[in-house]
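Below is one structure, written out as structure tokens; comments come after it.
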Amino acid sequence: MGTGFRPVAALAVSGLLLTGLPALYFLTVHGCGEGEDRLAEVLAGETVLDAAPEGATREDRFQECDDDDRFVVVGARYRYDGSSREALRHYREAARADGWRPRALAGGGTSPGCFTKSVGGTTAYLVVEGPDDRLLHVEIVADRANSQWC
């Protein structure tokens, strides 16, 4: 083989490394997997998701995982004619009864509608939003990277 082959071979190998390694990572590590499925199962068992305020009717229950960041969201949406103030009051009590605590803010105080608890070996965040257009959203968000939410 001539000396001209070596630069071509080196270029081919580096091209494979530059495109092949990221592709291999994407195919083997990227996305949600068994760990996220197990975390979602644990989150779905949290009783606070079914603790709707009086007069609320569940519209749906959902479970999702973000393939890019691998965070899990489990939640419920309720048709609710009450005010957001009434909903927050209800969930403050329901969350506390289930072991959740208000999310502390860096400058002091707490974040309304956001609660934290250790679930499945990570910190989970219970988020209560609405009702907007008569829909109350109650979600639990968590990931294995211990990201902070709300």
Additional length obtainable on full extension of the chain from Arg89 to Asp50, 0.36 nm per residue less Cα span: 12.5 nm
Sequence-separation-based contact order of segment 34-142, relative, with Cα cut under 8 Å and 6+ spacing, percent: 27
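The numbers here are math on the coordinates, done by the rules we state, and not lab data. Since the model is a prediction, treat every value here as computed from it, not as a measurement.
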